[in-house]
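> Submitted below is the structure of interest, expressed as structure tokens.
The values are calculated or read from the model by the stated rules, or taken from the named source; none is laboratory data. A quick note: this is a predicted structure, and the numbers were derived from the prediction, not measured. All Cβ positions, even for glycine, are placed from backbone atoms using ideal geometry, and neighbour counts span all protein chains on display. To get the accessible areas, we keep the full protein, side chains included, count just its heavy atoms, and leave off ligands, DNA and RNA. Shrake-Rupley method; radii C 1.70, N 1.55, O 1.52, S 1.80 Å.
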Amino acid sequence: MKISEIIQKIEEYHPDLGPDYNGCDGVKCGNPDLECTGIVTALVPTVEVIKKTIELGCNFLYVHEPTSYLTPDFAVWKADFKCDVYDEKIKLAEDHGIVIYRDHDHTHAHRPDGIFTGVLKYMGWSECVDTTGKGIPFGYVVNLPKEETVEDIITELIEKIGMNGTRYIGRAKDKIKKIALVGHIYPEAFIPSSEKDGYYTDYTTEIIRTMQEENIDAIIPGEIIEWNLLSYIRDAVSLGEHKACFNIGHFNWEELGAKYAADWLPEVVGQGVSVTYVPTGDMWSYQTREGR
């Protein structure tokens, strides 16, 4: 089967975003008219992931995050200077006949969301999604079967995602029952800021509202800033509340969605093409004050 035929099947599987779609999804390098020798699913097309794809003898690399280091993730380098690292990475892929295809917007538009279905599945939380309340805006509320300590949840995240460690806000021994997977915490994300009748609202104020109304103990965010929601959690902890933030990082946050792609792709593509999940791996190393 040609890679172009596989791409067509993937695009037919997802919702149609319309004829005017001009987002980041699509082929980033390579010739999709080649016969597919195998599919690798990965979150990010890093140099290490490309090398593993070569080692596996696969030539179709299906990813969720950017190939280039430019936010629009163009299929070519479009800054007004030469980037040697980008050039070397693309050359590595092209020299081995690898097609890199990004599926970001379409997999998030899928219902259920193709990334967070995998996060919930491989964290073991699929049956714990709380549908009794109004829910977190642009996120999921997980009601754990029993209370767990902050440090136990950290251990679980590290082991199941494959992280080197994580930053967190909270007290290690505090008990947590409800966790919200929330969207990116930065200005103008998801809910544009507005001021009406003297009241200010944005995405983070709505999360704070929901945390209070729904008794949510902790959040796992994507991208972060520190002056709004995270500062609220820090102050709540200082006032004795059992609150926490697990700041595992955007790529770690979505890693298990790439693992899940290796579950649904064989059903979409059909028999005869191998599909292998390759973990991107934690990009962060940690040195603590005690560990110096």
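> State whether the residues of the stretch 127-144 include one that is among the polar types (S, T, N, Q) and at pLDDT below 95.
yes
Residue by residue, here is whether (1) open to solvent by 20 Å² or more (accessible area, probe 1.4 Å); (2) touching a strand residue (DSSP E or B) at 6+ places or on another chain (Cβ under 8 Å); (3) farther than 20 Å from Val63 by Cα; (4) not β-branched (Val, Ile, Thr) holds:
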residue: His96; (1), (2), (3), (4): yes, no, no, yes
residue: Arg111; (1), (2), (3), (4): yes, no, no, yes
residue: Val119; (1), (2), (3), (4): no, yes, no, no
residue: Thr131; (1), (2), (3), (4): yes, no, yes, no
residue: Ile176; (1), (2), (3), (4): no, yes, yes, no
residue: Ala189; (1), (2), (3), (4): no, no, yes, yes
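> Find all pairs meeting these conditions: Cβ atoms under 9 angstrom apart; at least six residues apart or on different chains; first residue within the stretch 156-169 and free of Cβ contacts under 8 Å to residues at least 60 places away in the same chain; second residue β-branched (Val, Ile, Thr).
Ile158/Thr166; Ile158/Ile248
Each row is one residue, and each column tells you yes or no for (1) among the small types (Gly, Ala, Ser); (2) outside any helix (DSSP H, G or I).
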| position | (1), (2) |
| --- | --- |
| Ile219 | no, yes |
| Trp227 | no, yes |
| Leu230 | no, no |
| Ala236 | yes, no |
| Phe251 | no, no |
| Val268 | no, no |
| Gln271 | no, yes |
| Ser285 | yes, yes |
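> Tell me which residues, restricted to the stretch 209-232, are surrounded by 14 or more Cβ atoms within 10 Å (Cβ to Cβ) and hydroxyl-bearing (Ser, Thr, Tyr).
Those that are surrounded by 14 or more Cβ atoms within 10 Å (Cβ to Cβ) and hydroxyl-bearing (Ser, Thr, Tyr): Thr210, Tyr232.
> Among the candidates Glu195, Glu147, Glu206, which residue alone is surrounded by 13 or more Cβ atoms within 10 Å (Cβ to Cβ), assigned to a strand (DSSP E or B) and over 19 Å from the mean Cα position of the chain (by Cα)?
On inspection, the qualifying residue turns out to be Glu147.
> Find the residue count for the stretch 273-283, including only residues that are in contact with a Ser or Thr (Cβ under 8 Å, 6 or more places away or on another chain), open to solvent by less than 40 Å² (accessible area, probe 1.4 Å) and either aliphatic (A, V, I, L, M) or in a strand (DSSP E or B) (or both).
Residues that pass the stated criteria total 2.
> Right, something else. May I ask you to list pairs of residues, at least six apart or on different chains, whose Cβ atoms are under 8 Å apart, with the first in the stretch 65-80 being open to solvent by 50 Å² or more (accessible area, probe 1.4 Å) and at pLDDT below 95 and the second being among the hydroxyl-bearing types (Ser, Thr, Tyr) and part of a loop (DSSP other than H, G, I, E, B)?
none
> How many residues does the stretch 233-259 contain that are open to solvent by less than 50 Å² (accessible area, probe 1.4 Å), in contact (Cβ under 8 Å) with a residue 12 or more places away in the chain and over 16 Å from Lys178 (Cβ atoms)?
The number of residues fulfilling the criteria is 11.
> In the stretch 41-54, what residues are within 23 Å of Gln271 (Cα to Cα), surrounded by fewer than 21 Cβ atoms within 10 Å (Cβ to Cβ) and touching a helix residue (DSSP H, G or I) at 6+ places or on another chain (Cβ under 7 Å)?
none
> So which of Gly38, Gly23 is open to solvent by less than 70 Å² (accessible area, probe 1.4 Å) and on the phi > 0 side of the Ramachandran plot?
Gly38
> Shifting gears a bit: Please report, ordered by residue number, the strands (runs of 3 or more DSSP E) entirely within the stretch 1-106 with at least 3 residues that are under 19 Å from the mean Cα position of the chain (by Cα).
39-42, 60-63, 99-102
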